[in-house]
Ligand SMILES: Cc1ncc(COP(=O)(O)O)c(C=O)c1O
């Protein structure tokens, strides 16, 4: 047995991988290292990471500036209890985030991952209303939303189709249609006006019990890279504000440049009451999240007694290494002119997707996200086709992970034009190969 085979056998013996049917999944590919847009397997093979490792690795793998910042921090202070104590990396990061976020979002609460950022936002919204003298416990979401894998986030995400096994432990949420659109979609205005009419009806009937609407701004990620137009989101935010319902935007996927602006909210010209950030926050180096609130939300938690305070926290809240990584990652946006890189990626996406004439439907691009549906007969997530498609790209030295029949690219921002074209060449080949 080779060293690699021994490791894989140990993996098989002891590890339970996420979103994996262990009985039928192919052997996982052991990865030894990463650099920029590339991963290197233990067998020496190189793989172009076209999905930024589940959308976290925004500047590419093992970026030396972030690695250095973490190393320095690790020699100084790695972690400290964050109640009763505080530390400079967290304070500086909170200040930087508030400077960069849409104006009005001023209070930063740290947690561990995208799901916990959402869970915290939902708890904040519910408790905000209680502290304001109202009992509001219902949440409104768009159909097809995905917000994470903890109970509140799963409840909000039920219609994404991932959580059939857990129905009995989830709570009910309310839903309105999401006007998913794509290039050349003649029905977009009709879909938007129907979605807004449904929202209006809901708000007229149920606004007084609704704590907040929870929204993935501009792109529903795990639900299939479904996009909506910025103007639609703006109209939604206006209606919620008029009806006195809080708006929580979940920028776990869209945050830190994905849609072409630092935050998707900027593109839609909205300022939510609460925003959730994770994934790209630390440049993909460490698990960390923040939920950032408007000052008015925060103020509702102030008082003489603990029962008005937010009863939430995690052992690793505001981990100092994560904060150092996040500060370094934010600095790269300036030093590497990252938003210009993102614009260049978007224009290659547009050119190449525009040239794909057949075999796909609903092509769409926003920022570094390009998505399309392969015109297949079996569209179910987890169908036998998905592993074949993953294998097809692995054989060509590329990592992709389709969502059912939706094939998408979310490359790290450091990807070169030549590397990105290679990815698109492989997509063309895949369309020819799989769609008859
Ligand atoms: C929009 C959105 N929210 C929340 C999450 C959950 O984040 P995490 O996997 O870090 O818990 C995800 C993950 O893909 C996401 O895309």
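Assorted remarks:
- Only a single criterion out of (1) touching a helix residue (DSSP H, G or I) at 6+ places or on another chain (Cβ under 7 Å); (2) surrounded by 18 or more Cβ atoms within 10 Å (Cβ to Cβ) is not satisfied by residue 112, namely (1).
- Subset of the range 276-312 (residues that are under 15 Å from residue 126 (Cα atoms), touching a helix residue (DSSP H, G or I) at 6+ places or on another chain (Cβ under 8 Å) and surrounded by 15 or more Cβ atoms within 10 Å (Cβ to Cβ)): 291, 293, 297, 300, 301, 310, 312
- Count of residues meeting criterion [closer than 13 Å to residue 108 by Cα and not in a strand (DSSP E or B)] in the range 265-280: 2
- Checking residue 80 against (1) more than 16 Å from the ligand (Cβ to nearest atom); (2) surrounded by 14 or more Cβ atoms within 10 Å (Cβ to Cβ); (3) touching a residue at least 24 places away in the same chain (Cβ under 8 Å); (4) under 25 Å from residue 391 (Cα atoms), the condition it does not meet: (4)
A quick yes/no check of all residues on (1) over 28 Å from residue 338 (Cβ atoms); (2) at pLDDT below 95; (3) exposed (fewer than 15 other Cβ atoms within 10 Å of the Cβ):
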| position | (1), (2), (3) |
| --- | --- |
| 27 | yes, yes, yes |
| 40 | no, no, no |
| 44 | yes, no, yes |
| 48 | no, no, no |
| 56 | no, no, no |
| 64 | no, no, yes |
| 72 | no, no, yes |
| 84 | yes, no, yes |
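A quick yes/no check of all residues on (1) in the same structural domain as residue 239 (by TED's automatic domain parsing); (2) free of Cβ contacts under 8 Å to residues at least 60 places away in the same chain:
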| residue | (1), (2) |
| --- | --- |
| 283 | yes, no |
| 288 | yes, no |
| 315 | yes, yes |
| 346 | no, no |
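- Entirely in the range 287-401, the strands (runs of 3 or more DSSP E) that have 3 or more residues that are over 29 Å from residue 415 (Cα atoms): 289-294
- Any hit, the range 169-176, residues being within 15 Å of the chain's Cα centre (by Cα), within 16 Å of the ligand (Cβ to nearest atom) and either closer than 26 Å to residue 354 by Cβ or surrounded by fewer than 20 Cβ atoms within 10 Å (Cβ to Cβ) (or both): no
- Selected residue (only one of 326, 344 is touching a helix residue (DSSP H, G or I) at 6+ places or on another chain (Cβ under 9 Å) and within 16 Å of the ligand (Cβ to nearest atom)): 326
- In the range 403-419, the count of residues that are crowded, with 17+ Cβ neighbours inside 10 Å, in a helix (DSSP H, G or I) and out of contact with any helix residue (DSSP H, G or I) (no Cβ under 6 Å at 6 or more places or on another chain) is one or more.
- Qualifying residue in the range 123-146 (condition: surrounded by 23 or more Cβ atoms within 10 Å (Cβ to Cβ), closer than 21 Å to residue 311 by Cα and within 12 Å of the ligand (Cβ to nearest atom)): no
- Close pairs (6 angstrom Cβ cut-off, 6 or more residues apart or separate chains): in the same structural domain as residue 173 (by TED's automatic domain parsing) and at pLDDT below 95 in the range 189-212, in a helix (DSSP H, G or I) and surrounded by 13 or more Cβ atoms within 10 Å (Cβ to Cβ) anywhere: 207/243
- Hits in the range 238-262 - residues which are more than 13 Å from the ligand (Cβ to nearest atom), at negative phi and within 20 Å of the chain's Cα centre (by Cα): 247, 261, 262
The values are calculated or read from the model by the stated rules, or taken from the named source; none is laboratory data. Quick caveat: nothing in here was measured; it's all calculated off a predicted structure. Note that we place each Cβ from the backbone using ideal geometry, even for glycine, and neighbour counts take in every protein chain shown.
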